[in-house]
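> Let me begin by handing over the structure; questions about it come next.
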Amino acid sequence: MPEVELAGVVDINSERAEQVAEANKTAVVRDAAELVGRVDGVVVATPTASHAAVARPFLQAGMAVLIEKPLARSMAEADELVQLAHQRNAIFAVGHTERFNPAVAAARPLLTMPRFIEVHRLGTFPDRSLDIDVVFDLMIHDLDVVLSIVKSPVSAIDAVGVPVLTPRIDIANVRLRFESGCIANLTASRISRDRTRKIRFFQPESYVAIDYAAQEVEMWRLVRQPAGMPTIEGGPVTVASDEPLKRELEDFVDAIRTGRPPEVTGEDGHRALALAQEISHQMVLTTNPPATTHDCN
């Protein structure tokens with residue numbers, strides 16, 4: 001990135017740290033805390049369990065922090081980080097990368113009043129992020145996107161999840177009902193043969209479809225005629241293809257330089273995590289329902 005210096009890379013795997021540092025012509029730092037006060041911002045891309053521990057000293061120093069999703073491993077840690085950033089007036093961003101997908105940006109002005117949203121995020125079995133279940137690993141991307149579009153509280157959750165290849169939930173389906181009446185149906189899987197990342201919005205007299213991976217958008221709408229039957233018009237929407245992660249980092253850097261809030265704030269990450277936690281709790285209840293007492297008289 002122009003006018004940005006990668007001051008150092010930290011990793012508990014020293015061999016990996018050396019490789020990344022050499023490839024990017026930067027230094028290896030043995031302890032992240034050594035960077036406190038020495039840089040303008042940090043990106044925390046460690047496993048979820050260590051997000052809070054790594055980010056805490058930087059936020060305490062009032063430094064800008066971007067944490068990859070999910071924000072933290074618990075709501076208690078998320079509460080602490082958001083509060084700390086607020087107290088120290090620190091720039092605090094969360095890496096919900098799909099918000100920076102050019103297809104999402106192109107579709108957003110077309111979404112006026114979604115009434116039904118359908119999401120499919122299917123992936124093959126990963127070699128990473130197995131410390132969290134599929135809701136926090138994959139579905140949380142779409143939870144954040146949906147929450148950013150549907151400006152209404154969630155009123156009901158119906159969720160089911162199955163641990164297929166790991167002790168944690170590997171495939172999940174969730175139905176969210178919002179107080180506005182909008183319903184969102186989300187499916188996430190990390191055990192599928194094919195990769196799919198799509199979201200569709202149905203609203204009065206129009207339909208919008210996003211293919212995250214292809215960065216493609218389609219819109220179809222009902223066009224009423226002065227006389228006769230209405231027609232259906234639409235097709236592909238122009239999308240300026242770009243790398244979402246690059247856009248996310250550019251937004252973070254610009255927030256540091258200008259002092260404005262980042263596109264995805266700590267509060268946004270907190271909101272998505274809270275919903276993911278509620279969904280996870282609902283799945284536990286569905287998977288392990290309370291015992292029923294029968295009258296045998």
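> Which condition does Leu143 not pass, out of (1) in a loop (DSSP other than H, G, I, E, B); (2) surrounded by 17 or more Cβ atoms within 10 Å (Cβ to Cβ); (3) not small (Gly, Ala, Ser), if it passes all the others?
Result: Leu143 passes all but (1).
> Ok, one more. So which pairs qualify, if the first residue must be in the range 224-242 and of a type in the set (A, V, I, L, M), the second must be at pLDDT below 95, the Cβ gap must be under 7 Å, and the two must be at least 6 apart or on different chains?
Matching pairs, first to second residue: Ile232/Leu222.
> Continuing with the same structure: Hey, can you tell me all the residues within the range 169-214 that are farther than 20 Å from Thr124 by Cβ and among the polar types (S, T, N, Q)? Please lay out each step first, then the result.
Initially, the range 169-214 is screened for residues farther than 20 Å from Thr124 by Cβ, giving 174-185, 200-210.
Passing the criteria: Ser180, Asn185, Gln203, Ser206.
> Assigned to a helix (DSSP H, G or I) and either within 14 Å of the chain's Cα centre (by Cα) or not β-branched (Val, Ile, Thr) (or both) - does that describe any residue in the range 118-135?
Initial filter on the range 118-135 (assigned to a helix (DSSP H, G or I)): 134-135.
Next, from what is left, pick out any that are either within 14 Å of the chain's Cα centre (by Cα) or not β-branched (Val, Ile, Thr) (or both): 134-135.
Yes - at least one qualifying residue is present in the range 118-135.
> Output the residues belonging to the range 10-25 that are within 21 Å of Arg38 (Cβ to Cβ), part of a helix (DSSP H, G or I) and among the aliphatic types (A, V, I, L, M). If you could, list the steps in order and put the result at the bottom.
Filtering the range 10-25 for residues within 21 Å of Arg38 (Cβ to Cβ) gives 10-12, 14, 17-18, 20-22, 24-25.
Now restrict to residues that are part of a helix (DSSP H, G or I): 14, 17-18, 20-22.
Ala17, Val20, Ala21 - these are the residues of the range 10-25 that are within 21 Å of Arg38 (Cβ to Cβ), part of a helix (DSSP H, G or I) and among the aliphatic types (A, V, I, L, M).
> Which one of the conditions (1) in contact with a helix residue (DSSP H, G or I) (Cβ under 6 Å, 6 or more places away or on another chain); (2) at pLDDT 95 or above; (3) among the small types (Gly, Ala, Ser) does Ala76 fail to meet, given that it meets all the rest?
(1)
> Tell me the residue from Val104, Val82 that is in contact (Cβ under 8 Å) with a residue 60 or more places away in the chain, assigned by TED's automatic domain parsing to the domain that holds Tyr212, touching a helix residue (DSSP H, G or I) at 6+ places or on another chain (Cβ under 9 Å) and not in a loop (DSSP other than H, G, I, E, B), please.
Details: Val82 fails: assigned by TED's automatic domain parsing to the domain that holds Tyr212.
Just a single option satisfies the conditions, and that option is Val104.
> Evaluate the following for Ile171: is it within 15 Å of the chain's Cα centre (by Cα), closer than 27 Å to Ala214 by Cα and without any contact (Cβ under 8 Å) to a residue 60 or more places away in the chain?
Criteria not met by Ile171.
The values are calculated or read from the model by the stated rules, or taken from the named source; none is laboratory data. Note that the structure is predicted; figures quoted are calculated from it, not measured. Please note: Cβ atoms are built from the backbone with ideal geometry, for glycine as well, and neighbour counts cover all protein chains shown.
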